[in-house]
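Colleague: Got a structure here, written out as structure tokens. Questions coming.
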Amino acid sequence: MVRIEHIGIAVKDLDKANALFQKLFGTPSYKEEVVDSEHVTTSFFGIGPNKVELLQAGAPESAISKYIDKKGEGIHHIAFEVDDILAEMERLESEGFELINKAPKKGADNKLVCFLHPKSTNGVLVELCQEVKS
């Protein structure tokens, strides 16, 4: 793992959350993106070398919608940048971590992503991110 890539925060209303976090950080979101495969709309804020991702559900069956129904708005996941997502997935699975998806998928912000199940990471949803190189 290279570094913390971003912290994901589940929100009910992306417009309201964008306004709130813009006041908090003193800078606007640099990017909004719909991720159809996850039924989610994301908004990214850059804070120095770090990022915060806001996530709003795009459908009642989305993971974000279910998360908010169960736990309310708040920190949803922490993402780590990796150089080789396939190798890192293999390493972590061999160490006993449970992968939610067995193959990386396209995520927001030009990334391949994979999630580790919180029951294998002390209750924390962990996302692995690898930048897609052109």
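Colleague: With every protein chain left in place and a probe of 1.4 Å, what is the accessible surface of SER65, to the nearest 10 Å²?
Modeller: Counting only protein heavy atoms, SER65 exposes about 20 Å² to solvent.
Colleague: Okay, next question. Of the DSSP beta bridges with both residues in the chain, give the percent that are antiparallel, rounding to the nearest 5.
Modeller: Of the beta bridges lying entirely in the chain, close to 75 percent run antiparallel.
Colleague: Express the relative contact order of segment 44-134 as a whole percentage, based on alpha carbon pairs under 8 Å and six or more residues apart in sequence.
Modeller: 24
Colleague: Any idea how far apart GLU32 and ALA59 come out in nm if each label point goes 7 Å out from Cα toward Cβ?
Modeller: My value for the distance between the label points is 2.0 nm.
Colleague: How much accessible area does VAL34 have with a 1.4 Å probe, in Å² rounded to the nearest 10?
Modeller: 90
Colleague: Go through segment 71-116 and name the GluC sites (Glu not before Pro) that are in a DSSP coil and have 11 or fewer other Cβ atoms within 10 Å of their Cβ.
Modeller: Details: sites: GLU73, GLU81, GLU88, GLU90, GLU93, GLU95, GLU98; in loops: GLU73, GLU95, GLU98.
Of the GluC sites (Glu not before Pro), the ones in loops of segment 71-116 whose Cβ has at most 11 other Cβ atoms within 10 Å are GLU95.
Colleague: Take the residue pairs LYS71/LYS133; LYS23/LYS119; LYS23/LYS102; LYS71/LYS102; LYS16/LYS133; LYS51/LYS133 and return only those whose Cα atoms are more than 30 Å apart.
Modeller: Flagged as over cut-off: LYS71/LYS133; LYS23/LYS119; LYS23/LYS102; LYS16/LYS133.
Colleague: Let me ask you something else. Write down the percent of antiparallel bridges among all DSSP beta bridges whose residues are both part of segment 64-134, to the nearest 5.
Modeller: On the way: 10 of 14 bridges.
Taking every DSSP beta bridge with both residues in segment 64-134, the antiparallel ones total about 70 percent.
Colleague: With the dipole of the chain worked out from charges on the C-beta (+1 for Lys and Arg, -1 for Asp and Glu) around the Cα centre, which of LEU116, ILE78, SER37 lies farthest toward the positive end?
Modeller: Result: ILE78.
Colleague: Sticking with this structure for a sec: Would you kindly derive the ³J(HN,Hα) couplings of segment 38-45 from the backbone phi angles with the Karplus curve 6.51 cos²θ - 1.76 cosθ + 1.60 (θ = phi - 60°), listing them in order in whole Hz, with x for Gly and Pro?
Modeller: 9, 6, 9, 10, 10, 9, 10, 10
Colleague: Using a 1.4 angstrom probe on the protein heavy atoms only, could you order HIS76, HIS6 from most to least accessible area? Can you show the working numbers first?
Modeller: On the way: HIS76 30, HIS6 5 Å².
Per-residue accessible area, sorted high to low, gives HIS76, HIS6.
Colleague: With +1 assigned to the C-beta of every Lys and Arg and -1 to the C-beta of every Asp and Glu, and no other charges, what is the dipole magnitude of segment 18-134 about the Cα centre in debye, to the nearest 20?
Modeller: Dipole size: approximately 300 debye.
Colleague: Round to the nearest 10 and report in Å² the accessible area of LYS66, as given by a 1.4 Å probe over the protein chains' heavy atoms.
Modeller: It works out to around 120 Å².
Colleague: Between ILE47 and residues 5 or more places away or on another chain, which pairs have amide H atoms under 5 Å apart, with H built 1.01 Å from N, and which residues are they?
Modeller: Here the answer is VAL52, since their amide H atoms fall under 5 Å of that of ILE47.
The values are calculated or read from the model by the stated rules, or taken from the named source; none is laboratory data. Keep in mind that this is a model prediction, so the values were computed, not measured. Here Cβ is always computed from backbone atoms with ideal geometry, including for glycine, and neighbour counts include all displayed protein chains. Keep in mind that these areas ignore ligands, DNA and RNA; they rest on the heavy atoms of the full protein, side chains included. Shrake-Rupley method; radii C 1.70, N 1.55, O 1.52, S 1.80 Å.
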